[in-house]
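One structure is given here, and the rest of the page talks about it.
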Amino acid sequence: MISQGWLHFVEYELQVIALAIFAILYALRVRYLLRLPLPREKAPAKGNPSLGVAASFSALFCPWSMESTSRDIGRWIEFAVYHLAAAAAIGTTFLLPFAPGTMTLTTRRVFAAIIVLGVLAGFIKLVRRVVNPYLRWVSTPDDYFSLAAIQVFFVSAAACLVFYTDILRFAYFLITALFLIYVPFSKISHYLYWFFARTFLGLRYGRRGVIPRKGLA
């Protein structure tokens, strides 16, 4: 039996502490990335860098513009479902304690359904890394651990939303706090570099005026 005091602590105080650590570590990483020197373009501009950045980011929503997903739309659907589940699980960590009125039974069921689909997508990712010899060769222990950690996070979120008991809420928010502290040190933080890479790619190709009709893959 979990006391209301401990439940309140993991939902509020512990989350604030974990988020503060998360924010500090990411701020340091962003500061480091912003201080890295960038090569300067010497040729005169022939296009619009802003349009290049827009095309670069829009490629995420246009699977036909990327070689990998244009040949296998299922991989893009898997990607979309997985990240929607991540958004639902992360959103739950804020909505349950800070806006409980929004988390009606229907909302919790919808969020749980999305997260369960994310669990299935994550299972496919894990199996692919094990059975595909090329992925298995380049995979590190952190790759497997990160995928497994996200699965635990997803499952705890779905269970909390469906059954909504004190013990499951406690477990979910405790796992969330540990996850927040772990993420900046893991490969899960790759999404931070994605924004920099997309911006840099768009600026370079937009300035050169060589934006493909299908976007920047």
Go through the residues of region 38-48 one by one and say whether even a single one is at negative phi, crowded, with 16+ Cβ neighbours inside 10 Å, in contact (Cβ under 8 Å) with a residue 12 or more places away in the chain and small (G, A, S). no
Cβ-Cβ distance below 8 Å, separation of 6 or more or different chains: which pairs start in region 51-70 with a residue that is surrounded by fewer than 17 Cβ atoms within 10 Å (Cβ to Cβ) and end on one that is modelled with pLDDT under 75 and part of a loop (DSSP other than H, G, I, E, B)? L51/I211; S58/G215; C62/K214; C62/G215; W64/K214; E67/A217
With the first residue restricted to region 109-133 and required to be touching a residue at least 24 places away in the same chain (Cβ under 8 Å) and crowded, with 16+ Cβ neighbours inside 10 Å, and the second required to be of a type in the set (A, V, I, L, M, F, W, C) and outside any helix (DSSP H, G or I), Cβ contacts under 9 Å at 6 or more apart or on different chains are F111/M103
Under 7 Å by Cβ, and 6 or more places apart or on different chains, what pairs join a residue from region 77-97 that is within 17 Å of T176 (Cα to Cα) with one that is hydroxyl-bearing (S, T, Y) and buried (at least 20 other Cβ atoms within 10 Å of the Cβ)? T93/T176
Selected residue (criterion: modelled with the lowest pLDDT) from residues of region 139-167 that are buried (at least 18 other Cβ atoms within 10 Å of the Cβ) and of a type in the set (V, I, T): I150
Elements of type helices (runs of 4 or more DSSP H) contained in region 1-97, each with 3 or more residues being at pLDDT 80 or above: 4-8, 14-34, 49-58
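The values are calculated or read from the model by the stated rules, or taken from the named source; none is laboratory data. Just so we're clear, the structure is a prediction, and the values are computed from it rather than from any experiment. Counting neighbours? That spans all protein chains shown, and the Cβs are built from the backbone with ideal geometry, glycine included.
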